[in-house]
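Below is one structure, written out as structure tokens; the observations come after it.
The values are calculated or read from the model by the stated rules, or taken from the named source; none is laboratory data. No experiment lies behind these values; they were computed from the predicted model shown. Methodologically, a virtual Cβ is constructed for each residue, glycine included, from the backbone with ideal geometry; neighbour enumeration extends over all protein chains shown. Surface accessibility is based on the protein's heavy atoms, side chains included, excluding ligands, DNA and RNA. Shrake-Rupley method; radii C 1.70, N 1.55, O 1.52, S 1.80 Å.
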Protein chains: 2
Amino acid sequence: MAKPVLVVGGGPAGLAAAHSLASIGRQCILVEKEDQLGGAPILSGYAKLVPTGEWAKDAIGGMVDRVTGNDNITVHTGCQVTSFEGEAGSFKVEIPGAGSVEVDSAILCTGFSHFDSMNKPEWGFGTFPDVVTTTQVEQMISSGAGVRCPSDGRKPKRVAILLCVGSRDRQIGREWCSKICCTVSANMAMEIREELPDCHVYIYYMDIRTFGLYETKYYWKSQEEFKVKYIKARIAEVTSDGERLIVKGEDTLVKRPITIPFDMVVHAIGMDPNVDNARIASLFGVQLEQHGYIAEGSRYSAACQTSRPGVFVAGSATGPETIDDSISQGKAAALAAIEPLSSAA
Amino acid sequence: MAKPVLVVGGGPAGLAAAHSLASIGRQCILVEKEDQLGGAPILSGYAKLVPTGEWAKDAIGGMVDRVTGNDNITVHTGCQVTSFEGEAGSFKVEIPGAGSVEVDSAILCTGFSHFDSMNKPEWGFGTFPDVVTTTQVEQMISSGAGVRCPSDGRKPKRVAILLCVGSRDRQIGREWCSKICCTVSANMAMEIREELPDCHVYIYYMDIRTFGLYETKYYWKSQEEFKVKYIKARIAEVTSDGERLIVKGEDTLVKRPITIPFDMVVHAIGMDPNVDNARIASLFGVQLEQHGYIAEGSRYSAACQTSRPGVFVAGSATGPETIDDSISQGKAAALAAIEPLSSAA
């Protein structure tokens, strides 16, 4: 009987990989460092997902249920692999509590870390309680509490969403684009407008990157049906006049300074490489690319390969990624992991 | 023995799907309407691909070779499925020349059609010989002929690449974004500068959408290492002063009309739904989404599914897509196609 496949990380990519392998009769071992499966959408309490509009707890929760109830999948939560040795076809893995197991191959679905807005202090997070992150707003919506100003619980009348917080920002060492924040923010703006029809929502942007079919579904729709306003601006700082938050910057379309008051300011936080990536790279013997994500080989010759034969990678471990593409990549990596090595020429 | 899987379309997604299935011992039938496999990258003569920089003829050519030499894959080129009936697990397919075959499931990898620039006449294509498309420039580079003005064969000293030709343009019924043109154009601009170091290259854009890690590798690099210039503009028309092409528009950052002469103007053409999609949808009994691409179900519950059980879809058949993601989706669809139906709950 074939040895099991090790899947590291229980977010969308890992859940997809494990479920697919199990569905065609392959044994998997799924290891998740947190106490709960689901990855960022579950652990961070996301609300409605792009692009289907399903609630994260249903959509990703359903993926979790398929995996936990599966005879072909052994799930270890709250633990991390401590040793990984050997070669493709016969790796030896140490899993605390489960001892030493032999696996055929491994798929790293170790995801990303949310950017910590404390690293962008001039934009007010940590100083003003009503400056929050997209993750916090997701939680306000998904919990049913609704979008409220943390300082006093009032319904905001004016909300600004600031894009590219921790993305496209060399000053703080984050040159990459986080790919999905534009679309997620447009979606969130519509959700805020739906809950609070009297609330004005502004999105501050550099470039709007609602790529592909998201253009219609999020960019156009948010403007036309939901009257969300987009301002192309370079933001200087977020301050307060004692009563309201003040976003100061330059409107780059009219080249004029703009100073607008808001009740709530939302940081659309980017996707950093997983803070554990140095340890993960060392443990599994794989290389990182220049920004610190797990390096991926050419997808033409052999999809989802890391620098180490038999170790594959999928999802946002390789760079900012959408949930949908993470799922595709998880399944692609699952198939790559069980293809004979000779076919990956 | 399991029935074969039908793969329709021999571009990156279809090649990936067929090869993956064959690698794990499943029989496939690959049907391609053109006389040659490879899809747009081969048939349209693409040059160096995003993101690896490999030549299309090597990268995608390698994928073709793996498929044509594979005992588990029966390839039919220059033909189209004429009938598709039955249910998941037992579809009956008519393939001219091969007769009637029974398949377990089908994967539609039927791709896109390049936008025809004749539908944007005010931008000079069809009127001025030195107004060309990105596809034509790809061919100039991949053929080894080099980037030359078609009118007289001279090396251009000034080239403008116009983004969003056939994308984000409601006037001509194309509201979507074609996702990869920004990155492909930045890559092309660098290739032109590499071949012709004296040539100035300008990119006219609405928003630069070099998402994710493409930001560093294409947007920053093209500006800093290759001195490519980006102009945010609304283009009115492309005319000629008898000697050179004139691009007229409004610089939307300074709100001023700009009129700049060029030797060559390149249309970064978008990705239309496959012109055959109405026929494909009818033949395979699947639904199209509002723009005319093949509609895809929720990826959380069951990746790569069309509206018809047992019929899957991958790559740019579902909307504008990168080659890399088309390959992932091809593999994901391959796995989805062989998962038992009950697992897709």
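Here are the numbers for the structure shown:
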quantity	calculated
Close pairs (6 angstrom Cβ cut-off, 6 or more residues apart or separate chains): under 13 Å from residue A:174 (Cα atoms) in the stretch A:114-126, of a type in the set (Phe, Trp, Tyr) anywhere	A:117/A:125
Selection within the stretch B:49-70 - among the β-branched types (Val, Ile, Thr) and closer than 19 Å to residue B:18 by Cβ	B:60, B:64, B:67, B:68
Checklist (1) in a helix (DSSP H, G or I); (2) more than 8 Å from every other protein chain (Cβ to nearest Cβ) applied to residue B:297, failing item	(1)
So residue B:251, is it more than 12 Å from every other protein chain (Cβ to nearest Cβ), free of Cβ contacts under 8 Å to residues at least 24 places away in the same chain and touching a Pro at 6+ places or on another chain (Cβ under 9 Å)	no
In the stretch A:215-229, the residues that are touching a Ser or Thr at 6+ places or on another chain (Cβ under 7 Å) and within 12 Å of another protein chain (Cβ to nearest Cβ)	A:218, A:219
Selection within the stretch B:306-331 - within 26 Å of residue B:85 (Cβ to Cβ), at the interface with chain A (Cβ under 10 Å from one of its Cβ atoms) and outside any helix (DSSP H, G or I)	B:314
Flag for residue A:201 being open to solvent by less than 30 Å² (accessible area, probe 1.4 Å), over 28 Å from residue B:290 (Cβ atoms) and either touching a strand residue (DSSP E or B) at 6+ places or on another chain (Cβ under 7 Å) or part of a strand (DSSP E or B) (or both)	no
Residue satisfying condition, being open to solvent by less than 10 Å² (accessible area, probe 1.4 Å), at the interface with chain A (Cβ under 8 Å from one of its Cβ atoms) and part of a loop (DSSP other than H, G, I, E, B), within set B:303, B:334	B:303
Selection from the stretch A:135-167 of residues that are open to solvent by 20 Å² or more (accessible area, probe 1.4 Å), in a loop (DSSP other than H, G, I, E, B) and of a type outside the set (A, V, I, L, M)	A:143, A:144, A:148, A:150, A:151, A:152, A:153, A:154, A:155, A:157
Output for the stretch A:28-55, where each listed residue is under 30 Å from residue A:89 (Cβ atoms) and under 13 Å from the mean Cα position of the chain (by Cα)	A:39
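Rundown of residues vs (1) more than 11 Å from chain B (Cβ to nearest Cβ); (2) out of contact with any Cys (no Cβ under 6 Å at 6 or more places or on another chain); (3) not β-branched (Val, Ile, Thr), yes/no style:
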| residue | (1), (2), (3) |
| --- | --- |
| A:35 | yes, yes, yes |
| A:44 | yes, yes, yes |
| A:62 | no, yes, yes |
| A:65 | no, yes, yes |
| A:75 | yes, yes, no |
